[in-house]
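What follows is calculated from the coordinates using simple rules that are stated; it is not laboratory data. This structure is a prediction, so every number in the text was calculated from the model and none was measured. Positions of Cβ are backbone-derived with ideal geometry, glycine not excepted, and every protein chain shown enters the neighbour counts.
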Amino acid sequence: MMGTLTTLAYGTFRETVRDRLFYLVGIFGFIMLASTAVLSPLTIGAQSKIMVDVGLAAMAAFGLLVVVLVGSNMIRKEMDKGTIVTILARPVGRRQYLIGKFLGLNLTLACMLALMGGLFSLVLLVAPGTFSPAYLGAIYMALLEMVVINAVVVLFSTCVSAPLAAVATLGVFLIGHLSQSIRDFGDMQGTPLQQKIFAGLYYLVPNLEVFNIRGAVVHGDPIALAQFGIATVYCLGYAALLVILAGAVFRGKGLR
Amino acid sequence: MTTHWDMGRVGRSVAAFCCLLIVVGSLLSYEGLRRSENGQEHLYFPSGRFLREATVGFREAAADYLWFRFIQYYGAFEKGDNDLRYFDLLVDAVVRLDPKFVEAYHFASLVAWSNLGSFPHSIDLLKQGILHNPDVAKLPFQIGFTYYVFYKDYPRASFWFETAAKCSDSTDREKRFAAFARHRAGDERVSLELWKNLLESTDNPQMIELSTKMIAEISAKLQARPLVGPQAPEVSP
């Protein structure tokens, strides 16, 4: 089983490389250099803060772009072309196929973030006094966030069309960052039933703010090691839940 | 020798040139229109509260973008293109998105007193910054400086300089100003202790020289006076 998963994951990774997805890393490098050379002199004393903000935000934004654009199309494309039937005709289960695809895109994301993180660190090391090892923690958290979003897009791509899956995933990303507001809104409701409904909704949608430590690391605030542990467990648990759910949906799907 | 003209290509080139003229002309007209509005500002800007929710996950980067907008806006004011009427709105948006943006509070406080002529507003902005950044010396120091230089309120100035001196990123500067302000406020016993404290903590030869001189000067003054000297009144920040 592991061999099949590895093959599927590696195949997905190669497909993204063939799609020239890594060109985005080049664009990221350009943004980093531009923020250093062009924007820094205009920032009035906040050079290092802005460089780090731009770098970390660009990494997260590119990661989201890759997950939404590639992830929403990944399974649907093979379904439309009919190549999925060829793969599933071999001793590959539907669930295995989904997990393989999911792991492949995660591998792509990990490689992209590693490359962008390397470039980012290099630029900061050139500008003395701006690099902090905590930034690597923020990059790791961004990867965890993208793994959760990847699981969301895999679930949506098994049940709706690619554009709809992309829009729905973006919607979950937005809600995920506003989930605390859902809880606060629930607390403001009058009846206990309404409060329970909103509390349930809060636990149902992913809380993506768990992974957002960008602001804290930029300002040098301490991050407890436990937060990394909790975030990792939360990410793995949530992603696994969604992939299992996607597998259940995908099993009942008729393929042409 | 005859020149063969490709009429289709010439036509396309002329059309492209005309389009370019239209684009440049439109932009020039737009600039003219903006100039003719003469001081009438048009700046649509949502509130900081809305922006905080709308910039999901990218709040700090959004704050940086608004910071650039603020600097451009201030630059336009310096050129006489606006009257800073949206100053508060922009600053509020920046610091709501990133409450730890120390530079924003600091620069905005400078603009508040130097361009808007409002020292209380400047101090309010700095106090707002201190609430979110209690361990940054720059902000209480700026308040102390405002009281010291503009209000000549030395007891209050010394309170804020001492607050700045207690911050983890404080330098000799904050301690020196605290000791000077206490001296100016007439509280020479506390000033003497602050100079002694500076002497013990500094490695800077100039600071060592200055604090040694001040300790000798104040000690001599205190010896010539009765034991209970005038004390600076207690102040509220």
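Comparing A:Val126, A:Val172, A:Val160, which has the greatest mean-square fluctuation in the GNM of chain A with Cα pairs linked when under 10 Å apart?
A:Val126
Could you give the C-alpha radius of gyration of chain A expressed as a fraction of 2.2 N^0.38 Å, taking N as the number of residues it contains? Intermediate values should be presented prior to the final figure.
Values: Rg = 19.9 Å, N = 256, 2.2 N^0.38 = 18.1 Å.
Ratio of Rg to 2.2 N^0.38 Å for chain A: 1.10.
Can you compute the helix-only [θ] at 222 nm over chain B? Use -39500 (n - 2.57) per DSSP H run of at least 4 residues, normalise by all residues, nearest 500 deg cm²/dmol. Provide the component values of the computation, followed by the final result.
On the way: 11 runs with 162 residues, N = 237.
Per the formula, -22500 deg cm²/dmol.
Can you give the angle from 0 to 90° between the axis of helix A:47-81 and the longest principal axis of chain A, with both taken from C-alpha atoms, to the nearest 10?
10
Pairs of alpha-carbon atoms within less than 8 angstrom and 6+ residues apart define the contacts here; what relative contact order does chain A have, in percent? Kindly include the intermediate steps, with their values, before the conclusion.
Numbers: 268 pairs, mean separation 67.6, N = 256.
It comes to 26 percent, rounded to a whole number.
From Cα pairs below 8 angstrom and at least 6 apart in sequence, can you work out the relative contact order of chain B, rounded to a whole percent? List each step's numbers first, then the result.
Values: 248 pairs, mean separation 25.4, N = 237.
11 percent.
Hey, how many Å between the Cα centroid of the range B:95-156 and the Cα centroid of the range A:170-213?
First find each Cα centre; the distance between them is then 36 Å.
In which sequence would B:His121, B:His183 go, from the one with the fewest C-beta neighbours within 10 Å to the one with the most?
Ordered from fewest to most neighbouring Cβ atoms within 10 Å, B:His121, B:His183 come out as B:His121, B:His183.
Rounded to whole Hz and in sequence order, give me ³J(HN,Hα) for the range B:67-75 from the Karplus expression 6.51 cos²θ - 1.76 cosθ + 1.60, θ = phi - 60°, writing x for Gly and Pro.
Along the range B:67-75, the couplings run 4, 4, 4, 5, 5, 5, 4, 5, x Hz.
When the Debye formula is applied to the Cα atoms of the range B:130-171, each taken as the same point scatterer, what base-10 log of I(q)/I(0) results at q = 0.33, 0.35 Å⁻¹?
The calculated log intensity ratios at q = 0.33, 0.35 Å⁻¹ are -1.03, -1.10.
Straight-line reach from A:Lys81: which lysines fall under 28 Å, measuring Cα to Cα and dropping same-chain residues less than 8 apart?
Result set, ordered by chain and number: A:Lys101, A:Lys253.
Shielding of A:49-61 by partners, i.e. mean partner chain Cβ atoms within 10 Å per residue?
Working: counts 9, 9, 1, 2, 11, 4, 1, 3, 9, 2, 0, 3, 3.
Partner-chain Cβ atoms within 10 Å, mean over residues of A:49-61: 4.
For the range A:96-220, divide the Cα radius of gyration by the Kirkwood radius and give the resulting Rg/Rh value with two decimals.
Working: Rg = 18.1 Å, Rh = 16.8 Å.
Here Rg/Rh amounts to 1.08.
Return P(r) of the protein assembly as shown (all Cα-Cα pairs; 20 Å bins starting at 0; whole %; ordered from short to long distances).
Over the protein assembly as shown, the share of Cα pairs per 20 Å bin runs 18, 38, 30, 12, 2, 0 percent.
Which value results for Rg/Rh of the range B:44-133 when Rg is the Cα radius of gyration and Rh the Kirkwood radius based on the inverse mean 1/r?
So for the range B:44-133, dividing Rg by the Kirkwood Rh gives 0.96.
Looking at the P(r) of chain B, how many percent of alpha-carbon pairs lie beyond 21 Å?
69
Could you give me the ³J(HN,Hα) list for the range A:217-229, computed from phi with Karplus coefficients 6.51, -1.76, 1.60 and θ = phi - 60°, whole Hz, x at Gly and Pro?
6, 5, 8, x, 6, x, 10, 5, 4, 4, 5, 5, x
For the range B:44-133, what's the relative contact order in percent, using C-alpha pairs closer than 8 Å and at least 6 residues apart? If you can, show how the numbers build up before the last one.
Working: 80 pairs, mean separation 24.9, N = 90.
Normalised by residue count, the contact order of the range B:44-133 is 28 percent.
Across peptide B:48-60, what mean number of C-beta atoms from other chains lies inside 10 Å of a residue's C-beta? Could you put the intermediate results ahead of the total?
Details: counts 0, 0, 0, 0, 0, 4, 2, 2, 9, 16, 10, 6, 13.
Mean number of neighbouring Cβ atoms from other chains: 5.
Spelling out what I want: for every residue of the range B:195-207, take phi, set θ = phi - 60°, compute 6.51 cos²θ - 1.76 cosθ + 1.60 (Karplus), and round to whole Hz; glycine and proline get x.
5, 4, 4, 5, 4, 6, 9, 8, 10, 6, x, 5, 5
What is the fewest-to-most order of B:Lys221, B:Lys138 by other Cβ atoms lying within 10 Å of their Cβ?
Numbers: B:Lys221 13, B:Lys138 20.
Ranked by crowding around the Cβ, least crowded first: B:Lys221, B:Lys138.
Would you work out the charge dipole size for chain A about its Cα centre, treating the Cβ of every Lys and Arg as +1 and the Cβ of every Asp and Glu as -1, and quote it to the nearest 20 debye?
On the way: 17 positive and 10 negative charges, 215 e Å.
Here chain A has a charge dipole of around 1040 debye.
Count the lysine pairs in chain B that are 8 or more places apart or on different chains: how many have C-alpha atoms under 17 angstrom apart?
13
Averaged over its residues, how many other protein chain Cβ atoms are within 10 Å of peptide A:176-187's Cβ atoms? Can you show the working numbers first?
On the way: counts 2, 6, 4, 0, 0, 1, 0, 0, 0, 0, 0, 0.
Average neighbour count from other chains, rounded to a whole number: 1.
Quick one, what does Rg over Rh come out to for the range A:1-86 if you take C-alpha atoms and the Kirkwood Rh?
Working: Rg = 18.4 Å, Rh = 15.5 Å.
My calculation of the ratio gives 1.19.
How do the peptides A:241-250, A:67-76 rank, highest first, by the average count of neighbouring beta carbon atoms within 10 Å per residue? Could the numbers behind the result be given before it?
Details: A:241-250: 18.0, A:67-76: 22.7.
Per-residue Cβ counts within 10 Å, averaged per peptide and sorted highest first, yield A:67-76, A:241-250.
Fewest first, what order do A:Leu125, A:Leu178, A:Leu164 take by the number of other Cβ atoms within 10 Å? Please list the in-between numbers first.
Numbers: A:Leu125 10, A:Leu178 19, A:Leu164 14.
Ranked by crowding around the Cβ, least crowded first: A:Leu125, A:Leu164, A:Leu178.
Where the only charges are on Cβ atoms (+1 Lys, Arg; -1 Asp, Glu), what is the dipole of the range B:44-133 about its Cα centre, to the nearest 20 debye? Show your work: numbers first, answer last.
Working: 9 positive and 11 negative charges, 36 e Å.
So the dipole magnitude of the range B:44-133 works out to roughly 180 debye.
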